[in-house]
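S.K.: The structure that follows is given in the form of structure tokens.
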Amino acid sequence: MKAPGRIFFLLGDQLDREGAWRGAIDPGEDLVLFAEVREESVKVPSHKVRTALFLSGMRHFARELEDDGCRVRYVALDDPENTHSLHGELARCIGEHNPREVHLVFPGEHAIREKLHDVVNGSGAGLHEHEDRHFFSTPDEFARWAEGRKQLRMEYFYRERRKATGYLMEGTEPAGGKWNYDKENRKSFPKSGPGDLSAPRAFPPDVITMEVLALVEEAFPGHPGDLATFDWPVTPDDARAALDDFIQHRLGAFGDYQDAMWTGEPWLCHSRLSAALNLKLLDPREACEAAIGAHRSGGAPLAAVEGFVRQILGWREYVRGLYWMHMPDYLDLNALGAGNKLPGIYWTGDTEFTCLRESLGQTLRFGYAHHIQRLMVTGLFAMLYGVRPKEIHEWYLAVYVDAVEWVELPNVAGMSQWADGGIMASKPYAATGKYIQRMSNYCRQCPRDPKVRTGDRACPFTTLYWDFLLQHQGTLSRNQRMSLQVRNLQRLSDGEKDEIRSAASALRCSLART
Ligand code: FAD
Ligand code: SF4
């Protein structure tokens, strides 16, 4: 067979069937390269379900391309020649074929992009990088929006995106008269619980996925995750069916209960679409437009649809812009000087604290927790405990099926840990256990009491919250939005402050042993 003049290297989160590269490829001449490499699953110990999802998605796409007449070089995880790094596989392929050009799609991780560029530039082949057209905006557009602004608040970026797309707009005004229905998106369930929620549509493994599950189990036996639970969309058709299922059965309640949590209910009213979006199996336009269509036809209230569109058109695009604007420095930020090791319970879920046991348990089993569990349970606890931001970032990158660095890192280091000192969030999301009590039934089943800060019944969040204010009062008092919280410290006597410090220290010691 004739040597290919061009290699198109597609990564596991670049499974967009309509990507910009598609128009550039000559299927009979060019070579599409896919590589399953160990490095991507071991640089952090990737959840088995996450690894399986990426590999299965790649195998399905490669099969489709071959059926369409494309020349595909597919390097499997158990290929004896595999160098087990993305840059290694690209270098090997270039070495064997000596192409005149290598085509990449803009990668989702800064370090990978650098390494791939180095390989191509060092090979003498021309480098062509396609914009990732999956997104509504490019990193350059974000940088232009950010230029000259003192603060980069998501809300203003989101409004620009609403105007640009015309989503939920009536002329130049937002539909319903308000840009944001966030305040209406914060209900908790009644005492009786969420009631009969329709379970999200499951996608049982087909033959390709079954092969991948066996391979992953064999290759990564010690990694977190229960592969028996695998039911994620792995093709665009599956992803579309998952979207339809969400729009029909859960979008209506998504708005009200976006922030609510309940024992034994990992999915609640959430869409479970993040992994399909991040692997580019689902176009975010299709997701937003389906939700807007449901509102137009009377199938979902405006507050729910605006909430869903805000997450995808607003938050998702905004975090990507921030990531590319601040990398690689963002990885090393540590505004609060946090230096503790991540407690072992994050890898076992074995704890008496119900909120952590539930959130960690479902994460380690399914690779999923919803936003508030990530932000206000596991994230909040890590920040109050003082975990090194890089270590908690690595945990999040490892354990969620939807984890890709461009979206994970700003959410973790910026939103949940305030390691960026306010680039993303105007103040740290610091709270006592009372927030969790308000938004869930967790505290009802916990031996601790969210109102108590020291002693046998003390809630660890409440103890650590007060200790956090004491530790960081210098920094926090300079932040106007924290002033009320910091002022509350003045109501504590010196004796009470000492008690809090020693309770927090005892808690840290006991968790450090887990
Ligand atoms: P839904 O609640 O149904 O929301 C709909 C969609 O909106 C999601 O599918 C997602 O694509 C988007 N979205 C919602 N919130 C955000 C956000 N803050 N940033 C970006 N997109 C958002 N999301 C990831 O995709 N990958 C990650 O690795 C990731 N890590 C996170 C870490 C922390 C500490 C926090 C606080 C959030 C993180 N998020 C991440 C964002 C969010 O928690 C997940 O996108 C969401 O929980 C996925 O579940 P879902 O699809 O059911 O979302
Ligand atoms: Fe979590 Fe504290 Fe509530 Fe227990 S009491 S579930 S530790 S918030």
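S.K.: Are any of the residues in the range 421-444 outside the structural domain of W315 (by TED's automatic domain parsing), closer than 21 Å to R316 by Cβ and either among the charged types (D, E, K, R) or in a helix (DSSP H, G or I) (or both)?
M.R.: Looking through the range 421-444, none of the residues is outside the structural domain of W315 (by TED's automatic domain parsing), closer than 21 Å to R316 by Cβ and either among the charged types (D, E, K, R) or in a helix (DSSP H, G or I) (or both).
S.K.: Can you give me the number of residues within the range 357-367 that are touching a helix residue (DSSP H, G or I) at 6+ places or on another chain (Cβ under 7 Å) and either surrounded by fewer than 24 Cβ atoms within 10 Å (Cβ to Cβ) or modelled with pLDDT under 95 (or both)?
M.R.: Residues of the range 357-367 touching a helix residue (DSSP H, G or I) at 6+ places or on another chain (Cβ under 7 Å): 358-360, 363-367.
Now drop any that are not either surrounded by fewer than 24 Cβ atoms within 10 Å (Cβ to Cβ) or modelled with pLDDT under 95 (or both), which leaves 364-366.
Qualifying residue count, the range 357-367: 3.
S.K.: What are the residues in the range 477-514 that are among the basic types (K, R) and modelled with pLDDT under 95, if any?
M.R.: Going residue by residue through the range 477-514, those that are among the basic types (K, R) are 478, 481, 487, 491, 497, 501, 508, 513.
Scanning the range 477-514 gives R478, R481, R487, R491, R513.
S.K.: Still on this structure, I have one more. Could you tell me which residue of the range 12-55 is nearest to K2 (Cα to Cα), considering only residues that are under 18 Å from the mean Cα position of the chain (by Cα) and small (G, A, S)?
M.R.: So, considering only residues that are under 18 Å from the mean Cα position of the chain (by Cα) and small (G, A, S), the one nearest to K2 (Cα to Cα) is G12.
S.K.: Looking at the structure I just gave you, is G361 over 24 Å from P410 (Cβ atoms) and in the same structural domain as R501 (by TED's automatic domain parsing)?
M.R.: On the way: over 24 Å from P410 (Cβ atoms): yes; in the same structural domain as R501 (by TED's automatic domain parsing): yes.
Against the criterion (over 24 Å from P410 (Cβ atoms) and in the same structural domain as R501 (by TED's automatic domain parsing)), G361 qualifies.
S.K.: All but one of (1) among the polar types (S, T, N, Q); (2) touching a residue at least 24 places away in the same chain (Cβ under 8 Å); (3) not in a helix (DSSP H, G or I) hold for T209; which doesn't?
M.R.: Every condition holds for T209 apart from (3).
S.K.: Go through (1) closer than 26 Å to S483 by Cβ; (2) touching a residue at least 40 places away in the same chain (Cβ under 8 Å) and name the single condition A425 misses.
M.R.: (2)
S.K.: Return yes when S416 is touching a Gly at 6+ places or on another chain (Cβ under 6 Å), under 25 Å from K451 (Cβ atoms) and crowded, with 20+ Cβ neighbours inside 10 Å and no when it is not.
M.R.: Yes, satisfied.
S.K.: Give all pairs with beta carbons closer than 7 Å in which a residue from the range 281-302 that is more than 17 Å from P174 (Cβ to Cβ) meets a residue that is in a loop (DSSP other than H, G, I, E, B) and among the aliphatic types (A, V, I, L, M); count only pairs at least 6 apart in sequence or on separate chains.
M.R.: L281/L15; L282/L273; A287/L273; A294/A300
S.K.: Scan the range 491-502 and report the pairs whose first residue is under 15 Å from A458 (Cα atoms) and whose second residue is surrounded by fewer than 13 Cβ atoms within 10 Å (Cβ to Cβ), with Cβ atoms within less than 9 Å and a gap of 6+ or a chain change.
M.R.: What qualifies is E499/G455.
S.K.: Something else: Take the residues of the range 368-392 that are over 23 Å from A275 (Cα atoms) and of a type in the set (G, A, S): which is surrounded by the most Cβ atoms within 10 Å (Cβ to Cβ)?
M.R.: A382
S.K.: Being closer than 25 Å to F54 by Cα, of a type in the set (F, W, Y) and out of contact with any Lys or Arg (no Cβ under 8 Å at 6 or more places or on another chain) narrows it down to one residue among F246, F308; which is it?
M.R.: Among F246, F308, only F308 is closer than 25 Å to F54 by Cα, of a type in the set (F, W, Y) and out of contact with any Lys or Arg (no Cβ under 8 Å at 6 or more places or on another chain).
S.K.: Next question. Looking at (1) modelled with pLDDT of 95 or more; (2) over 16 Å from I372 (Cα atoms); (3) within 16 Å of ligand 1 (Cβ to nearest atom); (4) among the aliphatic types (A, V, I, L, M), which is the only condition L464 fails?
M.R.: Going through (1) modelled with pLDDT of 95 or more; (2) over 16 Å from I372 (Cα atoms); (3) within 16 Å of ligand 1 (Cβ to nearest atom); (4) among the aliphatic types (A, V, I, L, M) one by one, L464 breaks only (3).
S.K.: Can you list the helices (runs of 4 or more DSSP H) found entirely within the range 232-322 that contain at least 1 residues being within 13 Å of ligand 1 (Cβ to nearest atom) and of a type in the set (F, W, Y)?
M.R.: Working: elements: 236-249, 251-257, 274-278, 284-296, 302-309.
In the range 232-322, 236-249, 251-257, 302-309 are the helices (runs of 4 or more DSSP H) which contain 1 or more residues that are within 13 Å of ligand 1 (Cβ to nearest atom) and of a type in the set (F, W, Y).
S.K.: Does M439 count as within 20 Å of S188 (Cα to Cα), more than 8 Å from ligand 2 (Cβ to nearest atom) and touching a residue at least 40 places away in the same chain (Cβ under 8 Å)?
M.R.: yes
S.K.: Considering only the range 469-477, I want to know if a residue exists there that is among the hydroxyl-bearing types (S, T, Y) and within 16 Å of ligand 2 (Cβ to nearest atom).
M.R.: There is no residue in the range 469-477 that is among the hydroxyl-bearing types (S, T, Y) and within 16 Å of ligand 2 (Cβ to nearest atom).
S.K.: Looking at T83 and the list (1) without any contact (Cβ under 8 Å) to a residue 24 or more places away in the chain; (2) among the β-branched types (V, I, T); (3) within 11 Å of A35 (Cβ to Cβ), which single condition is not satisfied?
M.R.: Only one criterion in (1) without any contact (Cβ under 8 Å) to a residue 24 or more places away in the chain; (2) among the β-branched types (V, I, T); (3) within 11 Å of A35 (Cβ to Cβ) is unmet by T83, namely (1).
The values are calculated or read from the model by the stated rules, or taken from the named source; none is laboratory data. Just so we're clear, the structure is a prediction, and the values are computed from it rather than from any experiment. Here Cβ is always computed from backbone atoms with ideal geometry, including for glycine, and neighbour counts include all displayed protein chains.
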